[in-house]
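Undergrad: Structure below; questions to follow.
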Amino acid sequence: MKKNLSNLIQHENNWITEMGASFPGERVVFRGKDVFQELSKFSWMQVLLFGITGREFSEDQARLFEGIWVISASYPDPRIWNNRVAALAGTVRSTGSLAISASLAVSEATNYGQRPLIKAIDFLIDTCKRIKAGEGLENIVLTELKSKRMLAGYGRPIVNKDERIKPLLELSQKLGYKDGEHVLLALEIEQILEKNNYPFKLNAAGMDAALAADQGLAPNEFYHFMSLCFTAGFFPCFIDTNSTSEGVFFPLRCEFVSYSGENAREWGK
Amino acid sequence: MPSEEKKQEVIHTKIWREEPEPDNPFAAKKCFCAGYDVYGDLLDKASWVEYLYLLFKLEKPTQEQAKLLETIAVAISNPGIRDHSVRAAMNAGVGGSTAASVLMAALAVGAGQYGGAREVFLVMQLWEECGQDLEKWEKVLLNPPKEERADIWQPMEHPPGFDPNGVSCPAPIVQTLKKLASLSNSNSSLNWLLENQAALEKTVDMPIAFTSVAATAFQDLEFSSEQGEMLYLLLRLPGASAHALEQKYYGIKKYPFFLNKLHLIDESDPGQP
């Protein structure tokens, strides 16, 4: 098993990278570009996308991606589960950064947030390839539903209709990105679901995924890009509870816990 | 008023029940954990490990179960100063970051699939699938199942529970496995792992890691894979906390920065070879 050791020895005190480094007092290199000379002309969204993908995105593309964040994920409603973490941190006077970090981590959820997002883009990209290889769309959709009992990018935990689709489509039309193959595919899948009496409508995760796939983002790139998407909504939730009396965010009475466990008993010796 | 608005939402639980103070419905007079009065009865009777077991399993552990859990808790409470999760905690410590960020750093890094809690989860899933059947283990280790869809967790790069950078199994892992096996019955998964360790390591050409031992101990304690993942995260935090506080005291200048150890391939730099 000695061969296993070579990887560690090779990297000991030796990290070789193309990603970047800072040279204090001199310059900062970011994926081969000088931050002060080249990246200072980029918008923050362009820098973010460049950092994730290593590719440059146009101003219109950056506006589209920024719009995806604004429309899909900037909901300052403290009842939403990840936002509620920021609100709880605020009410107990934790720090702002801890609140935002924890809320971000919580956004990597199964029922909403990061998991449906990455699965939605993977499904759309994969389906697009399979159609080009000759498979029928209806068959792909129904098989996916049969095996997984859900379709990433369709349906919603509380209400089925997603009010974000319309503004997302309007934005993409304004920027000229409405008729990309993944967007058209996502809408066609919705029609297939309706035709087969499935109650799932296209949700914002599915539309975000389709728009991003049309701009060439791979599933992992989309996942990284969307990991910060909820942040704008976290801050108002934290600030709101942090500027109200301590501990008063949705207080719970003892009786508002429904207990169905063991009856009272003694621990013994 | 619509009925939805009148309906009081509640938290459902089998773990916790409270009785309010007569003068304040928001303050508890009595707290019961799985039926035991925590502050009126359990406080000076249950050990920390017994209470931990109760919280997860809703029953008192037997003496043997408590001893096994306590021993694995001691074994993993400090993964060591070079462990990735502890290094993350120390990084937070030396910069003077908040106490919570120290633990969050340790948790985020210690959650991983290489030596972290996700690996424990995956090993426990293998236990559910393979039990004490060596052939099944060999088959699944050599042909691991693949996720159909991309996920937040990337595909595993090594067989769960083994160290791809290891040579032979380090003594602390062997010592822990032997000690834990001695505390469990002869049919236990820990004893099975001890007996089959060499065969499994030969199959994948890698030594077993701490994650294997911890996952197997949690398996013998009949924790679910999700509970095992959570316990592995929780029980490794003491070391991370202590090391971070120590490094905070020593300060940032005494902590490795790897100055001149990062080599940038920079095509834009005319000075590059």
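The values are calculated or read from the model by the stated rules, or taken from the named source; none is laboratory data. Fair warning: this is a prediction, and the values are worked out from it, not measured in the lab. Heads up, the Cβs are rebuilt from the backbone with ideal geometry, glycines too, and the neighbour counts pull from every protein chain shown. Note: areas computed on protein heavy atoms with side chains; ligands, DNA, RNA excluded. Shrake-Rupley method; radii C 1.70, N 1.55, O 1.52, S 1.80 Å.
Undergrad: Per-residue Cβ counts within 10 Å, from other chains only, averaged over A:97-105: what number is that?
TA: Across the residues of A:97-105, the mean count of other-chain Cβ atoms within 10 Å is 2.
Undergrad: Kindly provide the helix-only [θ] at 222 nm of chain B, computed as the sum of -39,500 (n - 2.57) over DSSP H runs of four or more divided by all residues, to the nearest 500 deg cm²/dmol? Don't jump to the answer; show the numbers that get you there.
TA: Details: 12 runs with 138 residues, N = 273.
Estimated from H runs of four or more residues: -15500 deg cm²/dmol.
Undergrad: Per residue, how large is the accessible surface of chain B? Use a 1.4 angstrom probe and give square angstrom.
TA: Values: 15290 Å² over 273 residues.
Result: 56 Å² of accessible area for each residue.
Undergrad: May I pose another question? List the GluC sites (Glu not before Pro) within segment B:42-109 that DSSP assigns to loop and that have no more than 14 neighbouring Cβ atoms inside 10 Å.
TA: Details: sites: B:Glu50, B:Glu59, B:Glu64, B:Glu70; in loops: B:Glu59.
Answer in residue order: B:Glu59.
Undergrad: Further question: For segment A:66-107 and segment A:13-55, what is the centre-to-centre distance using only Cα atoms, to the nearest Å?
TA: The distance from the Cα centre of segment A:66-107 to that of segment A:13-55 comes to 28 Å.
Undergrad: Given the convex hull of the Cα atoms of the protein assembly as shown, what is a quarter of its surface area in nm²?
TA: The orientation-averaged projected area of the Cα hull of the protein assembly as shown comes to 32.1 nm².
Undergrad: Calculate how large, on average over all directions, the projected area of the Cα convex hull of segment B:11-61 is; give the answer in nm² to one decimal.
TA: 3.9 nm²
Undergrad: Further question: If you consider only alpha-carbon coordinates, what radius of gyration and Dmax does segment A:58-240 have, in Å?
TA: Expressed in Å, the Cα Rg and Dmax of segment A:58-240 come to 16.9, 58.
Undergrad: Return the carbon/sulfur percentage of the accessible area of chain B, one whole number, probe 1.4 Å, all protein chains in place.
TA: Its accessible area is 54 percent carbon and sulfur atoms.
Undergrad: Along the three principal axes, how long is segment A:1-100 when you take its alpha carbons, biggest first, rounded to the nearest angstrom?
TA: 52, 41, 32
Undergrad: What whole-number distance in Å separates the alpha-carbon centres of segment A:172-194 and segment B:172-231?
TA: Here the answer is 51 Å between Cα centres.
Undergrad: What's the percent breakdown of Cα-Cα distances in segment A:27-155 across 5 Å bins, shortest bin first?
TA: With a bin width of 5 Å, the distribution comes to 2, 9, 12, 13, 14, 15, 15, 11, 5, 3, 1, 0.
Undergrad: I'd like to compare B:83-96, A:216-229, B:148-161: which one has the highest average count of other Cβ atoms within 10 Å, and what's the full order after that?
TA: B:83-96, A:216-229, B:148-161
Undergrad: P(r) tail for segment B:59-192, what percent of Cα pairs lie past 27 Å?
TA: It works out to 32 percent of all Cα pairs.
Undergrad: Show me, bin by bin at 5 Å from 0, the whole-percent P(r) of segment A:174-244 based on Cα pairs.
TA: Taking all Cα pairs of segment A:174-244, the binned fractions are 3, 14, 17, 16, 15, 12, 9, 6, 4, 1 percent.
Undergrad: What is the local net charge at B:Tyr51, summed over the other residues whose Cβ is closer than 13 Å to its Cβ (Lys, Arg +1; Asp, Glu -1)? Can you show the working numbers first?
TA: Numbers: positive: B:Lys45, B:Lys57, B:Lys60; negative: B:Asp37, B:Asp41, B:Asp44, B:Glu50, B:Glu59, B:Glu70.
Around B:Tyr51, the charge tally is -3.
Undergrad: So how many Å³ per residue does the convex hull of the Cα atoms of segment B:42-92 work out to?
TA: Considering the Cα atoms of segment B:42-92, their hull volume per residue is 107 Å³.
Undergrad: Still on this structure, I have one more. Kindly state, as a whole number, the per residue volume in cubic angstrom of the convex hull around the alpha carbon atoms of segment B:125-273. Walk me through the intermediate numbers first.
TA: Working: hull volume 30.7 nm³, N = 149.
Once divided by residue count, the hull of segment B:125-273 is 206 Å³.
Undergrad: Just tell me how shielded B:15-21 is by partners: mean number of partner chain Cβ atoms within 10 Å of each residue's Cβ, no decimals.
TA: 4
Undergrad: On a C-alpha basis, how far is the centre of segment A:139-160 from the centre of segment B:84-123 in Å? Whole number, if you could?
TA: Result: 35 Å between the Cα centres.
Undergrad: Moving on. Quick check for you: with a 1.4 Å probe and neighbouring chains kept, what is the accessible area per residue of segment A:1-145, in Å²?
TA: Working: 7660 Å² over 145 residues.
In whole numbers, segment A:1-145 has 53 Å² accessible per residue.
Undergrad: How large are Rg and Dmax for chain B when only the alpha carbon atoms are used, in Å?
TA: Answer for chain B, Rg first and Dmax second: 22.8, 78 Å.
Undergrad: Give a residue-ordered list of calculated ³J(HN,Hα) values for segment B:195-200 (Karplus: 6.51 cos²θ - 1.76 cosθ + 1.60, θ = phi - 60°; whole Hz; x for Gly, Pro).
TA: These are the phi-based 3J(HN,Hα) values: 5, 9, 4, 4, 5, 5 Hz.
Undergrad: A follow-up question, please. Buried accessible area between B and A (1.4 Å probe, both chains summed, ligands and nucleic acids excluded), in Å² to the nearest 100?
TA: Numbers: alone 17730 and 17000 Å², together 29810 Å².
The contact between A and B buries close to 4900 Å².
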